[in-house]
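The structure appears right after this line, and notes come after that.
The values are calculated or read from the model by the stated rules, or taken from the named source; none is laboratory data. These numbers were taken from a predicted model, which means no experiment stands behind them. Methodologically, a virtual Cβ is constructed for each residue, glycine included, from the backbone with ideal geometry; neighbour enumeration extends over all protein chains shown.
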Amino acid sequence: DQQVKQNSPSLSVQEGRISILNCDYTNSMFDYFLWYKKYPAEGPTFLISISSIKDKNEDGRFTVFLNKSAKHLSLHIVPSQPGDSAVYFCAASVTGYALNFGKGTSLLVTP
Amino acid sequence: GAVVSQHPSWVICKSGTSVKIECRSLDFQATTMFWYRQFPKQSLMLMATSNEGSKATYEQGVEKDKFLINHASLTLSTLTVTSAHPEDSSFYICSARLYSNQPQHFGDGTRLSIL
């Protein structure tokens, strides 16, 4: 049973524009959310996280928004760069327990 | 950032062979390590959680006698796929974390191909 869902398998954005990646979850007990970036044949790289006590966390070009009532989070990348092209995984957990991953969204940033 | 090293990165072997994969945290002591498996275009599926010095906790449907996990030190966990068969071919990834409120850091994965 997929508790974390990324409904868009792919997204294409022009360089310089905003990329918005979405993620929904079903388990209301989740209180820790993360985004990972993954290149082919490599392990995921941690990007940014947010705990349920916040609704926004920002790190440079990356901002994660959390809407607990909607059980939805999103990752905003501004401005998007060609090097951002990768697969982005959303993950969620109850703090201290294993992560539950979505299936990923493949982002392509075109020049 | 934290570095997790996974070795080997690619293994091709005959059916019936046992394969050991190592996962090392290079710059921090990992109290907990995780092993995942990823099928093409799918999410990472957790196989097991291991805490240093204790037995691994396996997810439902994962055979503990098939996938042996050892977490002998705070910097090393190993996954041994015993008597591997073609259906075990997959991408195996480990991760490690220090504290429960910190993100997991992943190795680069091992591509296992069983002929």
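Some observations on this one:
- Residue ID - surrounded by the fewest Cβ atoms within 10 Å (Cβ to Cβ), chosen from residues in segment A:47-61 that are under 21 Å from A:VAL109 (Cα atoms) and over 10 Å from the mean Cα position of the chain (by Cα): A:GLY60
- Scanning segment A:1-45 for residues that are assigned to a strand (DSSP E or B), within 11 Å of chain B (Cβ to nearest Cβ) and in contact (Cβ under 8 Å) with a residue 24 or more places away in the chain gives A:VAL4, A:LYS5, A:SER10, A:TYR32, A:PHE33, A:LEU34, A:TRP35, A:TYR36, A:LYS37, A:LYS38.
- Checking each residue in segment B:98-111 for being more than 8 Å from chain A (Cβ to nearest Cβ) and crowded, with 21+ Cβ neighbours inside 10 Å picks out only B:THR110.
- Answer from B:THR78, B:THR31, B:THR17, B:THR49 - the residue that is surrounded by 12 or more Cβ atoms within 10 Å (Cβ to Cβ) and touching a Ser or Thr at 6+ places or on another chain (Cβ under 6 Å): B:THR49
- Boolean, B:THR75 is modelled with pLDDT of 95 or more and among the polar types (S, T, N, Q): no
- Test: residue in segment A:78-92 that is in a strand (DSSP E or B) and away from chain B (no Cβ under 14 Å): no
- Answer residue from segment B:24-57, given it is of a type in the set (S, T, N, Q) and part of a loop (DSSP other than H, G, I, E, B) and is farthest from the other protein chains (Cβ to nearest Cβ) among those: B:GLN29
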